[in-house]
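Working notes, beginning with the structure itself.
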Amino acid sequence: MRPLAGLVALLFTLAPAHAAELVMFTQQGCAWCQKFDSEIAPAYEKTAEGKRVPLRRVDIGKPRPPDLAFIQRERFTPVFVLIDNGREIGRIRGYPGDAFFYGLLGNLIAQMDRGEVTPPDPNAAPPAGATFGE
């Protein structure tokens, strides 16, 4: 029975993790990304939200990682996409400033906890607090 338990443990360590994460789409020269970096990023990983949904950065000017191919692309930055178990829960388009960011993120986390998904609106106008790319 021990060899079987060891094999099961090994399989769990080799299986990809599907934990929730907050994917931040960025680009070089993005002023709003820099503002996020100065106001939120230094402490983010220490917050309850940062521990629950770690931040992952993706440059829109580089090839997209294959595990994020399901995320609908936008041509401005920053865009924050909350994902869980290979599906998009919702997004924050643009950086609304430190006074609003955690409130919006908290709403997305609560939505994830309820099992709700908000698909992105392809016709939505780009928000204030975004830098256009490409």
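For segment 78-134, give me the residue count where each residue is part of a helix (DSSP H, G or I) and either of a type in the set (A, V, I, L, M, F, W, C) or in contact with a helix residue (DSSP H, G or I) (Cβ under 9 Å, 6 or more places away or on another chain) (or both).
So the answer is 12.
If we scan segment 96-106, do we find a residue that is open to solvent by less than 70 Å² (accessible area, probe 1.4 Å) and at positive phi? Yes. Out of E134, E45, one residue alone is modelled with pLDDT of 95 or more, open to solvent by 20 Å² or more (accessible area, probe 1.4 Å) and either in contact with a Cys (Cβ under 7 Å, 6 or more places away or on another chain) or not β-branched (V, I, T) (or both). It is E45. Close contacts from segment 101-122, counting a first residue that is within 12 Å of L82 (Cβ to Cβ) and a second that is open to solvent by less than 40 Å² (accessible area, probe 1.4 Å) and of a type in the set (V, I, T), with Cβ to Cβ under 7 Å and a gap of 6+ residues or different chains, come to L104/I92; L105/I92; L108/I89; I109/V53; Q111/I89; M112/I89; V117/I89.
Suppose the filter is over 18 Å from Y95 (Cβ atoms), open to solvent by 50 Å² or more (accessible area, probe 1.4 Å) and not basic (K, R); does P63 pass it?
Numbers: over 18 Å from Y95 (Cβ atoms): yes; open to solvent by 50 Å² or more (accessible area, probe 1.4 Å): yes; not basic (K, R): yes.
When the stated conditions are applied, P63 passes them.
Restricting to segment 72-88, name every residue that is over 15 Å from Y44 (Cβ atoms) and crowded, with 22+ Cβ neighbours inside 10 Å. Before the answer, list the steps.
Residues of segment 72-88 that are over 15 Å from Y44 (Cβ atoms), as a first pass: 72-77, 79, 81, 83-88.
Within segment 72-88, T77, V79, V81, I83 qualify.
Scan segment 48-56 and give yes if some residue there is at pLDDT 95 or above, part of a strand (DSSP E or B) and either over 16 Å from G94 (Cβ atoms) or open to solvent by 50 Å² or more (accessible area, probe 1.4 Å) (or both), otherwise no. Among the residues of segment 48-56, at least one is at pLDDT 95 or above, part of a strand (DSSP E or B) and either over 16 Å from G94 (Cβ atoms) or open to solvent by 50 Å² or more (accessible area, probe 1.4 Å) (or both), which makes the answer yes. Every test in (1) over 13 Å from T26 (Cβ atoms); (2) touching a residue at least 12 places away in the same chain (Cβ under 8 Å); (3) out of contact with any helix residue (DSSP H, G or I) (no Cβ under 8 Å at 6 or more places or on another chain) is passed by A69 save one, and that test is (2).
Checking each residue in segment 18-47 for being of a type in the set (A, V, I, L, M), touching a strand residue (DSSP E or B) at 6+ places or on another chain (Cβ under 7 Å) and either without any contact (Cβ under 8 Å) to a residue 24 or more places away in the chain or part of a strand (DSSP E or B) (or both) picks out L22, V23, M24.
Of the listed requirements (1) farther than 15 Å from R52 by Cα; (2) under 13 Å from the mean Cα position of the chain (by Cα); (3) among the aliphatic types (A, V, I, L, M); (4) not in a loop (DSSP other than H, G, I, E, B), I71 misses just one: (4).
The values are calculated or read from the model by the stated rules, or taken from the named source; none is laboratory data. Everything quoted here is computed from the prediction, not taken from an experiment. Virtual Cβ from ideal backbone geometry, glycine too; neighbours counted across all protein chains shown. Remember, those area values only see protein heavy atoms, side chains included, never the ligands or the DNA or RNA. Shrake-Rupley method; radii C 1.70, N 1.55, O 1.52, S 1.80 Å.
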